[in-house]
1. Restricting attention to region 129-146, which residues are buried (at least 18 other Cβ atoms within 10 Å of the Cβ) and assigned to a loop (DSSP other than H, G, I, E, B)?
2. If you check residue 394 against the conditions, is it in a helix (DSSP H, G or I), surrounded by 15 or more Cβ atoms within 10 Å (Cβ to Cβ) and at pLDDT 90 or above?
3. I need the full set of residues from region 27-52 which are touching a helix residue (DSSP H, G or I) at 6+ places or on another chain (Cβ under 7 Å), crowded, with 20+ Cβ neighbours inside 10 Å and assigned to a helix (DSSP H, G or I), in order please.
4. Residues 274, 303: which one is away from the ligand (no atom under 11 Å from the Cβ) and over 30 Å from residue 366 (Cβ atoms)?
5. Would you list the strands (runs of 3 or more DSSP E) that sit entirely within region 53-114 and hold 2 or more residues that are hydroxyl-bearing (Ser, Thr, Tyr), more than 18 Å from residue 328 (Cα to Cα) and away from the ligand (no atom under 15 Å from the Cβ)?
6. For region 214-229, which residues satisfy the criterion of being away from the ligand (no atom under 16 Å from the Cβ) and not in a helix (DSSP H, G or I)?
7. Quick one: which of 203, 194 is touching a residue at least 60 places away in the same chain (Cβ under 8 Å) and in contact with an Asp or Glu (Cβ under 6 Å, 6 or more places away or on another chain)?
8. Could you list, ordered by first residue, the pairs with Cβ atoms under 9 Å in which the first is in region 423-438 and without any contact (Cβ under 8 Å) to a residue 12 or more places away in the chain and the second is of a type outside the set (Gly, Ala, Ser), at least 6 apart or interchain?
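The values are calculated or read from the model by the stated rules, or taken from the named source; none is laboratory data. Just so it is clear, the model here is predicted, and its values are computed rather than measured. FYI the Cβ positions are ideal-geometry reconstructions off the backbone, even for glycines, and counts take in every protein chain you see. Side chains included, ligands, DNA and RNA excluded: accessible areas come from the protein's heavy atoms. Shrake-Rupley method; radii C 1.70, N 1.55, O 1.52, S 1.80 Å.
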Amino acid sequence: MSMAFSVQRTHIPGECSQIAVIGGGPTGSFFSLFALRMAKMIGREISITIFDPKDFSKDGPGGCNRCGGIISELLVQTLAVEGINLPNSVVRKGINSYTLHTDYGSVFISTPSLERTIATVYRGGGPRGIIGHEKESFDNYLLSLAIEEGAVHQPMRIDSIERKHGKPVLFSKNGHIMEADLAVGAFGVNSTAGKMFASLGFGYSEPPTVNAAIAELHMPEEVIVERFGNSIHLFLLPDRGIKFAAMIPKGSYVTLCILGRKVDAHTVQNFLNKPVVRAVLPEALGYSVACSCLPKMNIGAPKKPFTDRIVMGGDAGSTRLFKDGLGAAYIMGKSIAKTVIFEGTSREDFQKGYYPVYRGIMHDNLFGRILYTVIDQYRSFKILTRAMLKTVEIEQKRDSDDRILSTILWDMFTGNERYRNVFMKSIRPKMHIDMWEGVFRSIGRR
Ligand SMILES: Cc1cc2nc3c(=O)[nH]c(=O)nc-3n(C[C@H](O)[C@H](O)[C@H](O)COP(=O)(O)OP(=O)(O)OC[C@H]3O[C@@H](n4cnc5c(N)ncnc54)[C@H](O)[C@@H]3O)c2cc1C
């Protein structure tokens, strides 16, 4: 059965007026919102249809774009400048600190301003059977902003794409859906849509990924307030398969995220059994695992994210390594919108307008890779772990502008700074003097 659908907006002949967005996560919604705003600014009419089968108000994995739900300080502020103030109905908790746990001790790193500048959210309705369902999901909120601006949401999956007369033509499993002037791929890395675009043969390939693990731990809210406060608990352990893990408090749940190269169905339970984790979260607290999943995480960028009338952004293209993927979704969604509205939709237009932003994220991730390699050394060797803890402990007693290592760790894990800037801070001589002092003090203490 053929399922044609019509869009009631007028088109301007010769202009890019029918835009299909495949994926209604943050990248798809940011693109749509900004493209519609910019088009209005210059008096141009465009029609945007966002295809996504998910209902982001549903609880459990079905309604959720699986993620830790940390909105970086930088993104909270950038959105506020755009006039998008995250409402209380979306924010689950404001965060003002990180607590770093290692096998050799823990240390508290506060935000320099001591304000709750980081927000935690749910990407869907929340954990399966959530208590506190009255809150709204981040993805639903962004999608509703795009709809308010004029986008149309079609709750359906796109199953194949072809090119006819140079234009992308979309199909669902039931048949032809639409011929578009532009297709924006914002489908992330957790579906087979990447294969569909790769099969068009213009050079796009699915981004490389690793598995991550997420579990929602349910416990009484007062226990979370007492144990976690407004702090994200970060674990840097000498475990070869796990790069780092974070526990993110949200109302009467704590989201556990584990990132690494060897993550599988046993990872969550093995992690919860570790002594350092049990010290933070003893079984006696009576928590239960409300739901868990193993989403993929983008760790690299395809070289050709666009061709004529087709462009890929967010996780389907490039994202920030191991952090602030939502910030990257904003940057790329807006950059694609700007290119489409002010430059055009040809390969050359994307090369000129969008690619510098895309490449900027790729280059910045090179610095990120170096920094994570250094952090790997710090978590693998006891003497370095102890030195790091000692240095941070000393720094936390100093003025906020004299805390180099604390700031580096804060910026690394909050996504607050570009990796390049963090790298530049890390090569300051003062930071190395402090670290050596930490090494000697930890040896002395032993
Ligand atoms: C374990 C983990 C923890 C993370 N934690 C954080 C964090 O705390 N903070 C942060 O900033 N980032 C985090 N990220 C990264 C963040 O989740 C992503 O960068 C972000 O979701 C990318 O947004 P997107 O819109 O590009 O893709 P997605 O959020 O994946 O959205 C893609 C959308 O496309 C839809 N779709 C897919 N295929 C089709 C199709 N064929 N037809 C129609 N629709 C389709 C899907 O239903 C989905 O809604 C984390 C990632 C992982 C894996």
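1. Passing the criteria: 130, 135, 136, 137.
2. Working: in a helix (DSSP H, G or I): yes; surrounded by 15 or more Cβ atoms within 10 Å (Cβ to Cβ): yes; at pLDDT 90 or above: no.
When the stated conditions are applied, residue 394 does not pass them.
3. Passing the criteria: 27, 29, 30, 31, 32, 33, 34, 35, 36, 39.
4. Of 274, 303, the one residue that is away from the ligand (no atom under 11 Å from the Cβ) and over 30 Å from residue 366 (Cβ atoms) is 274.
5. Numbers: elements: 93-95, 97-102, 105-110.
Counting at least 2 such residues, we get 97-102, 105-110.
6. 218, 219, 220, 229
7. Within the list 203, 194, the selection yields 194.
8. 424/367
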